[in-house]
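Every number here is computed from the coordinates shown, using simple stated rules; none is lab data. Because the structure is a prediction, the values reported are computed rather than measured. Backbone-built Cβ (ideal geometry, glycine too); neighbour counts: all protein chains shown.
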Amino acid sequence: MKTLNASHLFPGGVSASRFESAKALACSLAESDSELLEPELVAWLDRPSTKASPVLEGCGGPNGWHDYGISHGGRLEVDVDGVASFIFAESSAFDSYAHFGPGPFRNLRDAQGNESVCRAGGVDCVPLDDWTSQLT
């Protein structure tokens, strides 16, 4: 996997805006990389907040996000000032869902904020819970 180390002058302020700024820079660098036709962000780490994606409950340790990125086709890692790292994979070999049109299911919320998965038109709804939320 190729690694780029990028330097960016972060604006003062909250760490969330610093992360978003680092992410924008990383995405821009991935888009301009000649080896990636269609870069797709597959994993990231925000060091100041220790947040990472994907969240791997019960496995992976502190570098689980990185191992996931590598094992899911990661071809480019962009590290921005040691503050955040992003792993990109090539997605051009995968077909998009656009040609399928809208799917038959929708996630809807009722007036109390409870989420359900329903067939298009709001029929045959099933409330989302810990088990059903893993199906969507």
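If the chain were replaced by its equivalent ellipsoid, with semi-axes equal to the square roots of 5 times the Cα gyration tensor eigenvalues, what would those be, largest first, whole Å?
33, 20, 16
Just in the range 12-86: which chymotrypsin sites (Phe, Trp or Tyr not before Pro) are loop by DSSP and have at most 13 other Cβ atoms within 10 Å?
Of the chymotrypsin sites (Phe, Trp or Tyr not before Pro), not one in the loops of the range 12-86 has a Cβ with at most 13 other Cβ atoms within 10 Å.
From the backbone phi of the range 34-42, what are the Karplus-calculated ³J(HN,Hα) couplings (6.51 cos²θ - 1.76 cosθ + 1.60, θ = phi - 60°) in whole Hz, Gly and Pro given as x?
Each residue of the range 34-42 in turn: 5, 8, 10, 6, 9, x, 10, 6, 10 Hz.
Calculate how steeply helix 15-32 sits against the longest principal axis of the alpha-carbon atoms of the chain, using the helix alpha-carbon long axis, and give the answer as 0 to 90 degrees to the nearest 10.
For helix 15-32, the angle is close to 80 degrees.
Taking H placed 1.01 Å from N in the peptide plane, check which residues at least 5 places from His8 or on another chain put their amide H under 5 Å from its amide H.
Hits under the 5 Å cutoff: Asp81.
Please turn the phi angles of the range 108-118 into ³J(HN,Hα) values with the Karplus equation 6.51 cos²θ - 1.76 cosθ + 1.60 (θ = phi - 60°), one per residue in order, whole Hz, x for glycine and proline.
10, 10, 8, 4, 8, x, 6, 9, 9, 9, 9
Each residue of the range 85-93 in turn: what ³J(HN,Hα) in whole Hz from Karplus with 6.51, -1.76, 1.60 and θ = phi - 60°, glycine and Pro shown as x?
Whole-Hz 3J(HN,Hα) from phi for the range 85-93: 10, 9, 10, 10, 10, 8, 10, 5, 6.
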